[in-house]
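Asks: One structure, as C-alpha cells, below. Some questions next.
The values are calculated or read from the model by the stated rules, or taken from the named source; none is laboratory data. For clarity, every value in this text was computed on a predicted model and none was experimentally measured. Here the Cβ positions follow ideal geometry from the backbone for every residue, glycine too, while neighbour counts run over all protein chains shown.
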Amino acid sequence: MYRHEGDPPTYAFESMQSPRVAQAVFTRLGGASRGAFASLNVGHTVGDDPTDVEANHETICRILGISADEIVTAHQVHGHRVARVSRDDGGTVVPETDALITNDPGVVLLLRFADCTPVLISAPSYGAVGIAHAGWRGTVQRIAALTVRAMCEAFGCRPSDCFVGIGPAIGACCYQVGPEVVADVHSRFSGADLLFSHRTPDGRAHLDMALANEMQLREIGVTHIEASGLCTRCHRDEFFSYRGDHGHTGRFAACIGLRSAATQRDLSAKSGNGD
C-alpha cells in the first residue's frame, strides 16, 4: 500500500492498480470539519456539522474525478449483508448493509471507517469490484469471504481471480476484546489461537482483525491479498479511531469503483498515452 501525497492525501493498493479501477483510502486530513471531527469526516450521523460533511464529500468527489450521483454508499450496521448495486443506484444509500458489489462502470462504492477493517476487492478480468466494512461482528460473520462469494456468484469470477486490499484498521497492538468476543471467534474460526495475543487472566486478549479477514479469504481460495499494516489507533494523526478518540470522532472514507470509458480516455490522455 502506498501513500499519495495529494491534498488531501490518500492511500491505494499497489496490487489493485488498473486504469479501469478507481480506488482510494482517505485519511482524516484535508477536510472542512472541526474539533473532534477534524477534518475529512464523511460520517453524517456522528454529530458533525452537516455543511462540513457535505463539503468533505465534495472534496472526495473532486479527488476521484466523479460527481456525487456516481457514489453508492450504505447504512452500515455491523452485519453481513452484501448488496449488488448498479448505475441506477448512484447517489443513494443502501439500507442496513455492510458490503457492496458492482460491475457497472461509472459507479463508486464508498463506506466509512474508524477502527473497523476496510476490505476492497477487484476482479479485474471480470470488470467487477466490491467493498466490505468488517468490524469484529462482521469479521466473525465472515463478511469479507461472503463479499467475494457474492461477486463470484453474480459475475462469474473465482476467488483466485480476486485481488483484495485490507486497509487501515485497529491493530492487534491496540484491540483488546473481552471473553465473549474471544469465545465467538473461537467458535467460528479454526486455528483461532493465531488471531489472539497478549492474553490476560480475566479472559481478555488482543484480536488481530486484519489477520482474521485474511484467514477467511484464504480459506475460500483468495491468493492475492495486500494488507496495509496500519493501525488506526496508533496513527490517530492520520485516521479516525473510535477507541483512540473514546467514541467521539469522525469516519474516514474508503472507495472503489469502475471508471467509465470516457474517464479512462481522459486519464490516458492526461498521462500522455492517448491517441
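Asks: Which of the residues spanning region 83-109 are part of a strand (DSSP E or B) and either surrounded by fewer than 23 Cβ atoms within 10 Å (Cβ to Cβ) or not aliphatic (A, V, I, L, M) (or both)?
Replies: Matches in region 83-109: 83, 84, 93, 94, 102.
Asks: Can you find a residue in region 65-74 that is under 22 Å from residue 241 (Cα atoms), buried (at least 23 other Cβ atoms within 10 Å of the Cβ), without any contact (Cβ under 8 Å) to a residue 60 or more places away in the chain and in contact with an Asp or Glu (Cβ under 8 Å, 6 or more places away or on another chain)? Spell out how you get there, then give the answer.
Replies: Restricting attention to region 65-74, the residues satisfying the condition of being under 22 Å from residue 241 (Cα atoms) are 73-74.
Pick out the ones that are also buried (at least 23 other Cβ atoms within 10 Å of the Cβ) and you get 73-74.
Still in the list and also without any contact (Cβ under 8 Å) to a residue 60 or more places away in the chain: 73-74.
Pick out the ones that are also in contact with an Asp or Glu (Cβ under 8 Å, 6 or more places away or on another chain) and you get 74.
Scanning region 65-74, I find at least one residue that is under 22 Å from residue 241 (Cα atoms), buried (at least 23 other Cβ atoms within 10 Å of the Cβ), without any contact (Cβ under 8 Å) to a residue 60 or more places away in the chain and in contact with an Asp or Glu (Cβ under 8 Å, 6 or more places away or on another chain), so the answer is yes.
Asks: Which condition breaks for residue 247 when tested against (1) modelled with pLDDT of 95 or more; (2) out of contact with any Asp or Glu (no Cβ under 6 Å at 6 or more places or on another chain); (3) surrounded by 20 or more Cβ atoms within 10 Å (Cβ to Cβ); (4) closer than 27 Å to residue 57 by Cα?
Replies: Looking at each condition in turn, residue 247 falls short on (3).
Asks: Ok, one more. Mind checking whether some residue in region 5-24 is buried (at least 18 other Cβ atoms within 10 Å of the Cβ) and of a type in the set (Asp, Glu)?
Replies: no
Asks: Within region 1-26, which residues are touching a residue at least 60 places away in the same chain (Cβ under 8 Å) and charged (D, E, K, R)?
Replies: 14, 20
Asks: State whether one or more residues within region 124-137 are of a type outside the set (Lys, Arg) and over 23 Å from residue 21 (Cα atoms).
Replies: For region 124-137, residues of a type outside the set (Lys, Arg) and over 23 Å from residue 21 (Cα atoms): present.
Asks: Here is a follow-up. Those residues that are in contact with a Gly (Cβ under 8 Å, 6 or more places away or on another chain) and of a type in the set (A, V, I, L, M), I need them from region 31-68; list them, please.
Replies: 36, 38, 40, 42, 46, 53, 55, 63, 64, 66, 68
Asks: So, one more: Could you identify the single residue in 28, 112 that is out of contact with any Gly (no Cβ under 6 Å at 6 or more places or on another chain) and either part of a strand (DSSP E or B) or among the basic types (Lys, Arg) (or both)?
Replies: Working: 112 fails: out of contact with any Gly (no Cβ under 6 Å at 6 or more places or on another chain).
28 is the lone residue from the list that is out of contact with any Gly (no Cβ under 6 Å at 6 or more places or on another chain) and either part of a strand (DSSP E or B) or among the basic types (Lys, Arg) (or both).
Asks: Something else: Of a type outside the set (S, T, N, Q) and within 10 Å of the chain's Cα centre (by Cα): which single residue out of 101, 71, 131 fits that description?
Replies: The conditions single out 131.
Asks: If we scan region 26-37, do we find a residue that is among the polar types (S, T, N, Q) and within 19 Å of residue 259 (Cβ to Cβ)? Working first, answer last.
Replies: First pass over region 26-37, keeping only residues among the polar types (S, T, N, Q): 27, 33.
With the extra rule that they be within 19 Å of residue 259 (Cβ to Cβ), the set shrinks to none.
Within region 26-37 (the criterion being among the polar types (S, T, N, Q) and within 19 Å of residue 259 (Cβ to Cβ)), the answer is no, since none of the residues qualifies.
Asks: Those residues that are on the phi < 0 side of the Ramachandran plot and surrounded by fewer than 19 Cβ atoms within 10 Å (Cβ to Cβ), I need them from region 156-166; list them, please.
Replies: Result: 158, 160.
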